[in-house]
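Participant: Attaching a single structure in structure tokens format; questions to follow.
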Amino acid sequence: MLEVLINPCAGGQVRRAKEAVEWLCKKRGIPHAIREAADPGEITRRCHELAQAGAQRVVVLGGDGTLRDAAQGLWGSRTLLGIMPCGTGNDLIRSVGVPHELDRAAEAAVLGRPLAMDLIDLDGYAVVNYLGAGIDSNTTLYAKRSVLGGMAAYLYGLFRALAGLRPIGYRCRLDGGEERRGLGVMINVANGAYFGGGIHAFPPASPVDGYLDVMLVRDLKRRQILPVLPKLIRGGHVGHPYVEFLRCKEVSFSFAEETPMSADGEVFAKRAFTARVLPGALWLSVPR
């Protein structure tokens, strides 16, 4: 029996995604049960139960946050996860080849081949796509409050975030090496290459290479940031003198005070964190 879990907080395409999965399962004669979770935590709990029971596959309807909730329950198991993109950004799937078109996404979710995907372990918490502090975390906060969707919501959030721009002082250590200190407006640790509904912010990143990609954007003024934004959207900011990319297996950051952060669309605050890569920790169902 294939279990299909729906995130009640997901975007407006849930009904269409549900219909696409139901139609495909009926066409192929696949027994299935559709279950709407009471809250995101139920998706984690149910995925863990299914993994413990030896389920071969589970399909979830939602965005990057739903994928993260499912990953929290599945990591380290052999249960295959199919994703139907119904969120605001749906960014992780861009890095693994899962289509946004729902009929094709259903084929990948229900009938796809397995791909061993890396996860980020953020102090014991699964992150599937990226985490960060600075402009992007404030952008995410404003985007979530917007009535817009996709990249439009993130661009709205971005300009709101720029209005309150304040640099962050940090200390960091990569793979146990020498401590680095700096001042920046964006501090990111990435697994996938995209965020913000298709912004190609982390071109070097791949969720199947066994590494974390760290992006540090130095303390820029508003007038210096604006010319960089079009490059950021296209991925053309690699090599910019104020943007640094680093690669590691583990990275630790500390800040002078509690600092707003975001991870897969969720906003929270931390004064310090450690992120490490979990190579091949999640089996994702992708197109054959």
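None of the figures in this text is laboratory data; all of them are computed from the coordinates on show. All figures in this text were calculated on a predicted structure; none of them were measured in a lab. Counting neighbours? That spans all protein chains shown, and the Cβs are built from the backbone with ideal geometry, glycine included.
Participant: Around T139, under 12 Å between beta carbons, what's the net of Lys plus Arg minus Asp minus Glu among the other residues? Numbers along the way, then the final one.
Facilitator: Details: positive: K144, R145, R160; negative: D136.
It works out to a net charge of +2.
Participant: Of the listed peptides 31-39, 254-262, 68-76, what is their order by residue-averaged count of other C-beta atoms within 10 Å, with the highest listed first?
Facilitator: Values: 31-39: 13.0, 254-262: 16.3, 68-76: 23.8.
In decreasing order of mean packing, 31-39, 254-262, 68-76 become 68-76, 254-262, 31-39.
Participant: Would you be so kind as to identify all helices of the chain, as entire DSSP H runs, whose Cα atoms reach 18 Å or more along the helix's own axis and whose mean Kyte-Doolittle hydropathy is at least 1.0? Present the calculation step by step, with values, prior to reporting the outcome.
Facilitator: Numbers: long enough: 14-28 (21 Å, -0.99); 40-52 (19 Å, -0.98); 150-163 (21 Å, 1.10).
In the chain, the long hydrophobic H runs are 150-163.
Participant: Quick one: Cα centre-to-centre distance for region 30-52 and region 210-281, in angstrom?
Facilitator: First find each Cα centre; the distance between them is then 32 Å.
Participant: OK, next. Give the cross-link partners of K231 among the lysines, using a straight C-alpha distance below 24 Å as the criterion and excluding same-chain residues fewer than 8 apart.
Facilitator: Cross-link targets: K144, K221.
Participant: Run the reach check for K18 against aspartates and glutamates, Cα to Cα strictly under 14 Å, same-chain hits fewer than 8 apart removed. What comes back?
Facilitator: Those aspartates and glutamates meeting the cut-off are E3, E36, E101, D103, E107.
Participant: If you restrict to DSSP beta bridges whose two residues both lie in the chain, what percentage is antiparallel, to the nearest 5? Show your work: numbers first, answer last.
Facilitator: Values: 53 of 70 bridges.
Once the DSSP bridges in the chain are tallied, antiparallel ones form about 75 percent.
Participant: Taking K249 as the anchor, which lysines have their alpha carbon closer than 25 Å to its alpha carbon, excluding any fewer than eight residues away along the same chain?
Facilitator: Filter leaves K270.
Participant: Right, next: By counting other Cβ atoms within 10 Å of each Cβ, how are V4, V228 ranked from fewest to most? Mind dumping the intermediate values first?
Facilitator: Numbers: V4 22, V228 16.
If I rank by nearby Cβ atoms, fewest first, I get V228, V4.
Participant: Let me ask another. For Cα Rg over 2.2 N^0.38 Å, pick the label among [x] 1.46; [y] 0.99; [z] 1.12 that corresponds to the value derived from the coordinates.
Facilitator: Answer label, from the structure shown: [y].
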